[in-house]
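Reading through the C-alpha cells given below for one structure.
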Amino acid sequence: MIKITKLQLQQVFKTVDNKNSKFELNHIYIDDENIVSTDTRAISIIQHDEKVDIPFLICRSIIDVALKNKNAYFYDIHQKGIDLLDKDDRHIMSIIQPERSDNHFRFPDYKRVIPKKTTKQIEFYQKSQISGLLLANRVFIDEKYVPDVKEGTVGITGSNTPIIINDPITKLTYVAMPICGILDD
C-alpha cells in the first residue's frame, strides 16, 4: 500500500484526464517510484517510497469519490482501490474498483517527457510568482496548468521545452508543456 496525504492526491488528481479515448489517461498510474497522471498537456508526479511489484491504474471516478469524503486526511492506495483514513490514521472506509486486467493498457512513458536537466532553476515562494518567472524567461503556459503550490523551484530549459515545477512539501514534480510561438519576436 502507498500512503499519501489529501493534498498529494488532490495535486495528482488535477491532471487526470476526463473522458479520454485513451483509457489509461482517465486513471492515475502507480509504479515502483511514483504516482502519475497526465492529461497530455501536463504531468503530475508524486514520489513514494513503497514497493510496487506490478504497476497499476486507479480509476478517476474512485479518486473523485475518495476526495469528496471530508473526514479523510490520508489515503492508502493499492491495486484493488483506496482506503480512506482519518487524521489519526484510523480506517474510515474502502473504495474498491471493479476487477479488470490492466495488462493490455499502456500508460505513456512519462519519464521520457521530463527534461534530464534544466538550464535554469529558479526558486519561488508563492504560486503567484510562477507565471511571472516563466514570462521573464519567455515561456508561456496556460494559467490552468500552473499547479497550486506554495513554494518550490521552476526548472526551465527553453521556451519550447517542458518546464518543471517541484514542490518539496508534497513531493510533487509537475511537468507542463509551454504554448509555443506566443512570445516569439
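The values are calculated or read from the model by the stated rules, or taken from the named source; none is laboratory data. Keep in mind that this is a model prediction, so the values were computed, not measured. No Cβ is skipped: glycine too gets one built from the backbone with ideal geometry, and neighbour counts run over all protein chains shown.
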Kindly evaluate THR38 against the criterion of being modelled with pLDDT under 95, in contact with a helix residue (DSSP H, G or I) (Cβ under 9 Å, 6 or more places away or on another chain), over 23 Å from LEU84 (Cβ atoms) and not basic (Lys, Arg).
yes
When residues of segment 136-166 are limited to those that are farther than 24 Å from GLN47 by Cα and assigned to a helix (DSSP H, G or I), the one modelled with the lowest pLDDT:
GLU143
The condition of being in contact with a Gly (Cβ under 7 Å, 6 or more places away or on another chain), hydrophobic (A, V, I, L, M, F, W, C) and farther than 18 Å from ASP148 by Cβ holds, among ILE92, ILE82, ILE62, only for ILE62
Taking THR119 and the conditions (1) at pLDDT 90 or above; (2) hydroxyl-bearing (Ser, Thr, Tyr); (3) surrounded by 13 or more Cβ atoms within 10 Å (Cβ to Cβ), which numbered condition does it fall short on, given that it satisfies the others?
(3)
So GLY81 passes all but one of these: (1) crowded, with 16+ Cβ neighbours inside 10 Å; (2) at negative phi; (3) in contact with a helix residue (DSSP H, G or I) (Cβ under 7 Å, 6 or more places away or on another chain); (4) in the same structural domain as HIS48 (by TED's automatic domain parsing). Which condition number does it fail?
(2)
Just one of GLU99, GLU151, GLU123 is among the acidic types (Asp, Glu) and assigned by TED's automatic domain parsing to the domain that holds GLU24; which is it?
GLU99
Of those in segment 44-100 that are acidic (Asp, Glu) and at pLDDT 90 or above, the residue farthest from the chain's Cα centre (by Cα) is ASP88
When you go through LEU133, LEU183 one by one, which is the residue that is assigned to a helix (DSSP H, G or I) and either at pLDDT below 90 or not β-branched (Val, Ile, Thr) (or both)?
LEU133
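Results for (1) under 30 Å from ILE77 (Cα atoms); (2) loosely packed, with under 12 Cβ neighbours inside 10 Å; (3) out of contact with any helix residue (DSSP H, G or I) (no Cβ under 6 Å at 6 or more places or on another chain), shown as yes or no for each residue.
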site	(1), (2), (3)
SER94	yes, no, yes
PHE124	no, no, no
SER128	no, yes, yes
ASP148	yes, no, yes
GLU151	yes, no, yes
